[in-house]
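Some notes on the structure that comes next.
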Number of protein chains: 2
Amino acid sequence: MAKEKKLVESITSRDEDFAQWYTDVVREAELCDYSSVKGCMNYLPNGYAIWENIQASLDKRFKDTGVQNVYLPLLIPESLLQKESEHIDGFAPEVAWVTRGGMERLQERLCIRPTSETLFCDLWSKTVQSYRDLPKIWNQWNSVLRWEKTTRPFLRSREFLWQEGHTIHATEEEARERTLMMLNVYKDCLEEDLAVPLVVGRKTESEKFAGAEETYTVEAMMYDGKALQSGTSHYFGSGFPDAFDIKYADKNNELHSVYETSWGFSTRTIGAIIMVHGDDSGLVLPPRIAPIQTRIIPVAQHKEGVLDKADELLSALKAAGYRVNIDDSEKSPGWKFSEQEKLGIPARIEIGPKDIEKNQVVVVRRDTREKLVVSMDEIAAKLADILETIQNDMFDKAKAFLDSHIDTAVTMEEMVEKFKKKRGFIKAMWCGDEECEGEIKYNTGGASSRCIPAEEEHLSDVCIYCGKPAKHMVYWGKSY
Amino acid sequence: MAKEKKLVESITSRDEDFAQWYTDVVREAELCDYSSVKGCMNYLPNGYAIWENIQASLDKRFKDTGVQNVYLPLLIPESLLQKESEHIDGFAPEVAWVTRGGMERLQERLCIRPTSETLFCDLWSKTVQSYRDLPKIWNQWNSVLRWEKTTRPFLRSREFLWQEGHTIHATEEEARERTLMMLNVYKDCLEEDLAVPLVVGRKTESEKFAGAEETYTVEAMMYDGKALQSGTSHYFGSGFPDAFDIKYADKNNELHSVYETSWGFSTRTIGAIIMVHGDDSGLVLPPRIAPIQTRIIPVAQHKEGVLDKADELLSALKAAGYRVNIDDSEKSPGWKFSEQEKLGIPARIEIGPKDIEKNQVVVVRRDTREKLVVSMDEIAAKLADILETIQNDMFDKAKAFLDSHIDTAVTMEEMVEKFKKKRGFIKAMWCGDEECEGEIKYNTGGASSRCIPAEEEHLSDVCIYCGKPAKHMVYWGKSY
């Protein structure tokens, strides 16, 4: 593996100060920045383009399962938000209120949606009448607002971009199936396109979505060992829709409750990409969602024929369907290499007079820095394989990291010790009591229950904290 | 041309009551409905899917000209909105104000964006320093909110979906070129994909965007002869960015102003599609933006082999890349035809036992109701030509309507008389005085200046109202 001199001194080492490293990478790759609107972010072209590719992947996966897109209003009347008590308790402290419109003071204040279950249910309560109207499998791509106190690019901000899917069904079985189906769509998108491996499972009572019966989650592990909740899918049963009086008549004209789900996936997954794959030179993007997959960098471009050949290659690769650009600026090749690395472009193609002489190019992988000499005649065909290899290797590397950073513990001493010594998740048994969950978090300095997997291992008979009979095996971890 | 019995009695005749016809079509095609959030709409799957296709077309056209997508915050601090005086005067009366966030009363109130010039300029004032940072050619797909008093589906609502492009340039020439380039992108998208012909030109002073130096517009004519402003492109000069203190250093390190543009295109264009192409049976969608281009309707589907053959055809057409579905419900064929017509699906394919015997299908065009018998072996190939013909014929028909509903007038009596007798636009000379513009509007019962075309005709030497020397030829019309 060839070594490159590190040119980017503007990025802090990630082993030295991970939080600063993250901020540096986001800034240097020009993904987003803080807005002068407090708590909000500007999604800049490089960051937004990643989101567009994630959207395209997810949206296609959604539609393949029968999802239809819609758009419901930004504002929710207070009376509507209050219809389901757990939901309002969960969201009321963190919404923004509109109290004036135009020149008038509003009779009823309106909140900016923190999530839209109430609006979907309100609409369905007026339009769903018969079994023929079911199921509704709807989704919207939008932004939501939650009045957060702290802000970190992509991870936490008052306004963020996401999709929220909402469905209602005639039977519990169908709704439960949809809940898990969408969880799997998230898992597939994250693992196949973002190359982010996951731990998947169900949330405990205390970590559930406000108003849901069950919340399922996909949890990714960042380089610092912390968890990032990367998508959630909720099963509401009929409690939530009952509060809105959504009923349907079956074939015999008998009225029944409907069963509801919702599921969301946000721009925080861009944070996951950064913190799972990035390195001390900057961002490393998986080829499938990279806005630019390869950048051509001419070497000694002032020499005759170099730029012509590079432009020829650019056209050929564009025609072959690659997302490709060229850096033919006046900067030095070393500077250009460094910029391409900061941006996380998965592969660069170096082409200089000697390469042209030999009818070849040099492909340098962003993830491993491996250099590959490829014949000019074959590059358009072979680049696809190289990108596919990068994609797979990135996933494998991240998966090996995840697996090697999951440990087990059967006593609190062991758990506390292990969280101190090593970053990552710890699997441990739990009695199901919220108090024990709180004590475990307190004693480990912040490790919360991440999820209960579908297939639990039997690590011990008793709860790691209280010693009473264990109900579940839980993944514990500190989190973003 | 074959005649179909009219099955849809739920749609008012458009010649009888155009406004009611419009409401009926929107409802029957399930495009959108009123939300319980006053003044806002729910964009339902059938309506939103049209918007997605328009977005895809426009977004590709944007990117082909170098546009980058971004996302800036939903909220604008009051002090920021006030930085440009004409702009705040134009928008202040119609914004919604957030005064509380979470549990706190805000120090400074925030408005929900009615448009985002101020946010873009604020960001650029902090990030643009040198000529190397120019141009910025950015766009966002979002919703904006204006506190309207009245609501009509797609045409006017408090919150609506649109895109807003914002650019800054080092020279006036480049900015002016971009203003017209985007106007042409709108024109091409509307004419080529939405099959909506246009009158194109520049707005008068009184009809300009708040804060702009020039506003250009594409104006479509609805079936009732009224104008629908379908996209606008604004040139700001350097006044607006100067108010935000955006300056760049040139190669000699001298500071200069930048030149700004913005341009927007909204979901009201779905209203244009409805009112230009729709008929008494419902919606008529142009094939290029129709979510479903063709629907297969089996006839006598209980007979052996009919459904199998129909499904086979469905697979073949899907594989060939068409957006196609099938109605194999228990409803009668007549009912199914009527539903397909309400939804505006450009072509239906009827397939029954006799067709199967003859190895053929019957294609019925939505726009003309023409029936075409096509061999089963050729339908996958020929359907593309049929759809293309429909697209072109729809444009030609709309263009003929537009052309035949533009008249001229040289005296006020003539103008008033013509507006009374016939729907449409009237071309007439104008002195350039805002008072005359107002008088013309008053005397014609509401005809406003739609635009001044790039190539003005010389209809007379004097203003149609005051008789002073004419400066411009203006298109006048009543509008939505």
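Each row is one residue, and each column tells you yes or no for (1) at pLDDT 95 or above; (2) within 23 Å of B:Cys32 (Cα to Cα); (3) not assigned by TED's automatic domain parsing to the domain that holds A:Glu260; (4) not in a helix (DSSP H, G or I).
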| site | (1), (2), (3), (4) |
| --- | --- |
| A:His87 | no, no, no, no |
| A:Phe91 | no, no, no, no |
| A:Trp97 | yes, no, no, yes |
| A:Pro114 | yes, yes, no, yes |
| A:Leu119 | yes, yes, no, no |
| A:Asp122 | yes, yes, no, no |
| A:Gln140 | yes, yes, no, yes |
| A:Phe160 | yes, no, no, yes |
message: Considering only residues that are assigned to a helix (DSSP H, G or I), in contact (Cβ under 8 Å) with a residue 12 or more places away in the chain and either surrounded by fewer than 21 Cβ atoms within 10 Å (Cβ to Cβ) or in contact with an Asp or Glu (Cβ under 7 Å, 6 or more places away or on another chain) (or both), which ones fall in the stretch B:124-138?
response: B:Ser125, B:Tyr131, B:Asp133
field: Where A:Thr368 falls short, out of the listed (1) closer than 29 Å to A:Ser10 by Cα; (2) touching a helix residue (DSSP H, G or I) at 6+ places or on another chain (Cβ under 6 Å)
entry: (2)
message: Would you confirm whether or not the stretch A:16-36 contains a residue that is within 9 Å of another protein chain (Cβ to nearest Cβ) and over 24 Å from A:Asp280 (Cα atoms)?
response: yes
- prompt: Looking at the stretch B:262-285, which of the residues that are in a strand (DSSP E or B) and within 16 Å of the chain's Cα centre (by Cα) is surrounded by the most Cβ atoms within 10 Å (Cβ to Cβ)?
  reply: B:Trp263
- prompt: Residues in the stretch A:414-430: is at least one surrounded by fewer than 20 Cβ atoms within 10 Å (Cβ to Cβ), in a helix (DSSP H, G or I) and assigned by TED's automatic domain parsing to the domain that holds A:Ala319?
  reply: no
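To keep it simple, each residue is scored yes or no on (1) free of Cβ contacts under 8 Å to residues at least 12 places away in the same chain; (2) under 31 Å from the mean Cα position of the chain (by Cα); (3) not in a strand (DSSP E or B).
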{"position": "B:Thr215", "(1), (2), (3)": "no, yes, no"}
{"position": "B:Glu219", "(1), (2), (3)": "no, yes, no"}
{"position": "B:Gly225", "(1), (2), (3)": "no, yes, yes"}
{"position": "B:Gly231", "(1), (2), (3)": "no, yes, no"}
{"position": "B:Tyr235", "(1), (2), (3)": "no, yes, no"}
{"position": "B:Phe240", "(1), (2), (3)": "no, yes, yes"}
{"position": "B:Lys251", "(1), (2), (3)": "no, no, yes"}
{"position": "B:His256", "(1), (2), (3)": "no, no, no"}
{"position": "B:Glu260", "(1), (2), (3)": "no, yes, no"}
query: Looking at A:Glu456, is it crowded, with 20+ Cβ neighbours inside 10 Å, charged (D, E, K, R) and either more than 22 Å from A:Leu228 (Cβ to Cβ) or not assigned by TED's automatic domain parsing to the domain that holds A:Tyr223 (or both)?
result: no
message: Can you confirm whether A:Leu145 is among the aliphatic types (A, V, I, L, M), under 22 Å from A:Ala272 (Cα atoms) and more than 10 Å from chain B (Cβ to nearest Cβ)?
response: no
query: Looking at the stretch B:74-85, which of the residues that are surrounded by fewer than 20 Cβ atoms within 10 Å (Cβ to Cβ) and in a loop (DSSP other than H, G, I, E, B) is farthest from the other protein chains (Cβ to nearest Cβ)?
result: B:Gln82
field: Failed item, numbered, when A:Thr151 is tested on (1) surrounded by fewer than 24 Cβ atoms within 10 Å (Cβ to Cβ); (2) within 14 Å of chain B (Cβ to nearest Cβ); (3) touching a Leu at 6+ places or on another chain (Cβ under 6 Å)
entry: (3)
- request: Give the residues of the stretch A:162-186 that are out of contact with any helix residue (DSSP H, G or I) (no Cβ under 8 Å at 6 or more places or on another chain) and either of a type in the set (Gly, Ala, Ser) or outside the structural domain of A:Ile50 (by TED's automatic domain parsing) (or both), sorted by residue number.
  value: A:Ala175
- prompt: Residues in the stretch B:156-199 that are buried (at least 21 other Cβ atoms within 10 Å of the Cβ), over 14 Å from B:Phe265 (Cβ atoms) and hydrophobic (A, V, I, L, M, F, W, C): how many?
  reply: 3
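Yes/no matrix, rows are residues, columns are (1) facing chain B (nearest Cβ under 7 Å); (2) of a type in the set (A, V, I, L, M, F, W, C):
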| residue | (1), (2) |
| --- | --- |
| A:Ala92 | no, yes |
| A:Ala96 | yes, yes |
| A:Glu104 | no, no |
| A:Gln107 | no, no |
| A:Leu123 | yes, yes |
| A:Arg132 | no, no |
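Yes/no matrix, rows are residues, columns are (1) over 30 Å from A:Leu190 (Cβ atoms); (2) assigned by TED's automatic domain parsing to the domain that holds A:Glu30; (3) at pLDDT 95 or above:
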site: A:Leu283; (1), (2), (3): no, no, yes
site: A:Glu304; (1), (2), (3): yes, no, no
site: A:Tyr322; (1), (2), (3): no, no, yes
site: A:Ile326; (1), (2), (3): yes, no, yes
site: A:Glu330; (1), (2), (3): yes, no, no
- prompt: Is there a residue being of a type outside the set (Lys, Arg), in contact with a strand residue (DSSP E or B) (Cβ under 7 Å, 6 or more places away or on another chain) and free of Cβ contacts under 8 Å to residues at least 12 places away in the same chain anywhere in the stretch B:156-170?
  reply: no
- prompt: Out of all the residues in the stretch B:358-372, which are under 22 Å from B:Arg288 (Cβ atoms) and in a loop (DSSP other than H, G, I, E, B)?
  reply: B:Arg366, B:Asp367, B:Thr368, B:Arg369, B:Glu370
- prompt: Residues of the stretch A:322-340 being closer than 18 Å to A:Gly282 by Cβ and not in a loop (DSSP other than H, G, I, E, B), which ones?
  reply: A:Asn325, A:Pro333, A:Gly334, A:Trp335, A:Lys336, A:Phe337, A:Ser338, A:Glu339, A:Gln340
query: Which of the residues belonging to the stretch B:39-73 are more than 30 Å from B:Glu177 (Cα to Cα), more than 18 Å from the chain's Cα centre (by Cα) and more than 7 Å from chain A (Cβ to nearest Cβ)?
result: B:Gly39
field: Restricting the stretch B:404-421 to residues that are among the basic types (Lys, Arg) and out of contact with any strand residue (DSSP E or B) (no Cβ under 7 Å at 6 or more places or on another chain), the residue that is farthest from B:Tyr480 (Cα to Cα)
entry: B:Lys421
message: Quick check on the stretch A:273-289. Is at least one of its residues over 25 Å from A:Ile386 (Cβ atoms), among the aliphatic types (A, V, I, L, M) and touching a His at 6+ places or on another chain (Cβ under 7 Å)?
response: no
query: Can you name every residue in the stretch A:24-56 that is in contact (Cβ under 8 Å) with a residue 40 or more places away in the chain and assigned to a strand (DSSP E or B)?
result: A:Cys32, A:Asp33, A:Tyr34, A:Met41, A:Tyr43
query: Checking B:Ser332 against (1) more than 18 Å from B:Val306 (Cβ to Cβ); (2) surrounded by fewer than 21 Cβ atoms within 10 Å (Cβ to Cβ), which test does it fail?
result: (1)
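The values are calculated or read from the model by the stated rules, or taken from the named source; none is laboratory data. What you see is a predicted model, and the numbers here were worked out from it, not measured in a lab. Positions of Cβ are backbone-derived with ideal geometry, glycine not excepted, and every protein chain shown enters the neighbour counts.
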